[in-house]
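Okay, structure first, notes after.
Coordinate-derived values only; no laboratory data. Everything numeric here is computed off the predicted structure, so don't read it as measured data. Using ideal geometry, Cβ is built from the backbone for each residue, glycine included, and neighbour counts are taken over all protein chains shown.
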Amino acid sequence: MKRFDKGYVYAGLVTDLFYSLFLVVVFLRDLLLGEESDPADIAAAAPVLVIGFFVIYLCFVAYRILYYRTSGYAFTEREIRCHRGVLFRKRSVIDYKKVHAINKKQSLLHRLFGIAVLTVDSGSANTSHQAEITIIEKNTVVDALLSELNALKESGVRSDAGETNKEEVLLSDKDSLYRFTSGKKMLYTLINLASTACFTALFAGLAIAVIGVCKGVLQLEGLGTWGQYFLGAILLTVGAMLLFSAFSLIGSLLYSFVGYYGFTVTKQDQSLQITYGLLEKHTNTFRYDRIKAVKISQGLVQRILGFASIRLEVIGYTVSSGEEDKNADLGVLVPFCKYGEIDEILGKVLPDYIPSEKQTKAVSLFPFLSWFLLLWGIVTGVSLMGAVAGMTALHIPTATVIAVVLAVAGAALTVLGIKFASAVLGYRTNGVAVENGKLTVYSGGFRKTVTVFPAKHLVAVEAVTTPLRKKRGIASVVMHLKTNEHSYEIKVHIQQDTLPDTLERMLTL
């Protein structure tokens with residue numbers, strides 16, 4: 001069993017140094033940062049601070065050393081083994097032929113110490129939330145292991161000399177099937193900024209209107225303290241929205257240039273390799289036969305301007321439900337491209353997943369709104385009656401009651417308008433295409449999603465309807481795919497109720 005590289009210990013100790021300082025400050029924050037903190041008391045407590053820091057840091061040092069001594073990996077003739085952990089030991093074994101996802105990750109600190117983390121996954125539903133095999137080695141060793149594993153998962157057998165029976169495929173910029181260039185990143189950032197700017201402009205307009213009204217209303221003596229609190233809360237909410245929009249502008253710029261730095265997609269034998277990242281570099285490799293679907297997404301501004309992103313849903317690898325959504329970014333195939341280029345890009349990488357033209361469409365607009373109208377009407381009505389009754393019982397000034405009623409009604413109408421716009425877009429988007437054993441599902445409102453998957457991955461079809469909708473011959477359809485621990489569902493709304501029968505017949509193919 002070969003131990004992990006010592007660079008892991010050194011990199012971890014640098015990180016633990018900051019953790020130790022943070023914990024000391026947290027435990028003694030009242031002494032150090034309290035309103036009654038005295039420099040003399042802090043000076044007297046300095047020895048305690050130093051001792052506490054060293055005790056905490058030595059605990060981290062002990063853990064790192066124990067982890068190094070108890071963790072390692074080995075390549076046998078037909079499988080890879082890994083032991084890791086201190087208090088809770090974990091032993092993992094994966095047959096080479098069952099390897100389907102190989103990922104290399106390297107943070108900025110890892111680069112400083114010349115190491116990288118290699119994770120290997122078999123696609124098991126029981127371990128979809130974490131890597132089954134973890135190897136921490138020198139960067140050059142990880143690159144060699146990554147190439148070797150790519151070949152071993154095809155051959156399934158490793159020779160005694162540690163060499164595979166396949167030639168190594170060298171990757172270069174010329175081999176890349178897609179490159180996220182600086183020009184594309186800038187355009188991607190500008191469109192994201194445009195998306196945020198639209199909402200910022202909307203909030204700014206509302207803020208100007210609210211502030212103008214407030215200036216007039218606050219001058220009325222009859223409004224009272226309750227009214228002033230209410231208007232102050234509105235101003236605070238609008239200000240928070242504007243602040244959030246400003247941070248979104250900065251975050252979008254950093255994410256496009258830092259998070260997707262050096263983004264390339266390379267085809268290698270029966271696998272795809274995706275590389276990206278500056279502060280933390282990722283190299284994700286997985287097999288074609290583990291891809292269960294291709295998802296094409298368009299935000300509202302992207303939809304208007306004709307751009308989209310493409311991501312993959314991989315069995316046992318990417319998860320897009322529940323708390324495990326944190327793994328979803330691992331499946332990004334194309335962060336940004338023109339919508340008209342999708343067929344060309346997928347034709348090079350995944351020709352079986354090129355989307356087909358929509359063959360069915362939503363047949364009625366009202367069902368997209370019916371349940372929302374009912375529930376929202378009840379919620380708004382009950383809220384208004386409760387607010388008016390409560391304020392009347394408390395003898396709140398009439399001006400304040402009117403302001404509250406107008407505010408609630410205005411908020412309700414605003415939400416209703418947004419929902420109506422979303423319903424119209426959903427009505428125009430929803431539909432299905434069935435062609436050559438392949439399903440293409442169009443769904444979404446403000447965010448349009450096109451999901452393409454082979455019929456062989458369809459495991460269940462569910463029709464959702466109501467008595468009234470059944471009389472009109474319409475239903476929503478839920479399709480379940482082979483997936484990870486959680487069910488992966490694809491929904492299409494308000495279709496002819498003959499569609500579930502068509503899809504059910506595909507389950508027997």
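Computed values, structure above
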| quantity | calculated |
| --- | --- |
| Net +/- balance of residues flanking Ile296 in space, Cβ distance below 9 Å, scoring K and R +1, D and E -1 | +3 |
| Per-residue HN-Hα couplings for region 255-267 [Karplus 6.51, -1.76, 1.60; θ = phi - 60°; Hz; x = Gly/Pro] | 5, 5, 8, 9, x, 9, 4, x, 6, 9, 10, 10, 9 |
| Under 11 Å, Cβ to Cβ, from Ala463 - net charge with Lys/Arg +1 and Asp/Glu -1 | -2 |
| Hz values of 3J(HN,Hα) by residue in region 331-342 - Karplus curve (6.51, -1.76, 1.60), Gly and Pro given as x | x, 5, 9, 9, x, 6, 7, 6, 4, x, 8, 4 |
| Virtual spin-label span in nm between Glu489 and Thr466, 7 Å along Cα→Cβ | 1.7 nm |
| Table column - 3J(HN,Hα) (Hz), region 367-374, Karplus curve with 6.51, -1.76, 1.60, x for Gly and Pro | x, 5, 10, 4, 5, 5, 4, 5 |
| Binned Cα-Cα distance frequencies in region 422-509 - 5 Å width, integer % | 3, 14, 24, 25, 20, 11, 3, 0 |
| Charge sum, other residues only, whose C-beta stays under 14 Å from Gly431's C-beta, Lys/Arg counted +1 and Asp/Glu -1 | +3 |
| Shape call, region 367-427: gyration tensor on alpha carbons, a/c limit 1.5 | oblate |
| Links that overshoot a 31 Å alpha carbon limit, given the list Lys338/Lys471; Lys97/Lys281; Lys153/Lys184; Lys104/Lys295 | Lys338/Lys471; Lys153/Lys184 |
| Per-peptide average of other Cβ atoms within 10 Å, ordering 383-396, 347-360 highest first | 347-360, 383-396 |
| Separation in nanometres of the label points that stand 7 Å from Cα toward Cβ, at Thr15 and Ile250 | 2.5 nm |
